[in-house]
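The values are calculated or read from the model by the stated rules, or taken from the named source; none is laboratory data. Computed from a predicted structure; not experimentally measured. Please note: Cβ atoms are built from the backbone with ideal geometry, for glycine as well, and neighbour counts cover all protein chains shown. All accessible areas refer to the heavy atoms of the entire protein, side chains included, with ligands and DNA or RNA removed. Shrake-Rupley method; radii C 1.70, N 1.55, O 1.52, S 1.80 Å.
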Amino acid sequence: MTAQKIGGVFSGQSYATLYPTPGHLFIEELWEIDQNTGEFKGEEPVSCGIILKPEDYRFVEIKAYIEEQE
């Protein structure tokens, strides 16, 4: 099985569980990303979110999002 990268926005509506069942994640916006570079492909989310169980992922990388000022 090949690894697949997903990208999204983990913000105010998102959550990660610690107790009683740790490791569940809800990411409020799922975005399309380039599987080779990991860069976001579009300017709009492709879904209203995703729920991940611990067995759905091996690791999580968190990147800061900085909005451009006009």
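Brief remarks on what is shown
- Among all residues of segment 30-38, there is at least one that is in contact with a strand residue (DSSP E or B) (Cβ under 7 Å, 6 or more places away or on another chain) and among the aromatic types (Phe, Trp, Tyr).
- Of the residues in segment 56-70, not one is open to solvent by less than 100 Å² (accessible area, probe 1.4 Å) and polar (S, T, N, Q).
- Residue match in segment 44-54 (condition: surrounded by 13 or more Cβ atoms within 10 Å (Cβ to Cβ), touching a strand residue (DSSP E or B) at 6+ places or on another chain (Cβ under 8 Å), in a strand (DSSP E or B) and touching a residue at least 40 places away in the same chain (Cβ under 8 Å)): yes
- Within segment 17-30, the only residue that satisfies the criterion of being out of contact with any Ser or Thr (no Cβ under 8 Å at 6 or more places or on another chain) and open to solvent by less than 50 Å² (accessible area, probe 1.4 Å) is 17.
- Of residues in segment 5-16 being open to solvent by 40 Å² or more (accessible area, probe 1.4 Å) and among the hydroxyl-bearing types (Ser, Thr, Tyr), the one farthest from residue 65 (Cα to Cα): 15
- Selection count where residues are touching an Asp or Glu at 6+ places or on another chain (Cβ under 9 Å), part of a loop (DSSP other than H, G, I, E, B) and open to solvent by 80 Å² or more (accessible area, probe 1.4 Å), scope segment 33-43: 1
- When segment 16-32 is filtered for residues that are part of a loop (DSSP other than H, G, I, E, B), under 11 Å from the mean Cα position of the chain (by Cα) and over 12 Å from residue 5 (Cβ atoms), only 28 remains.
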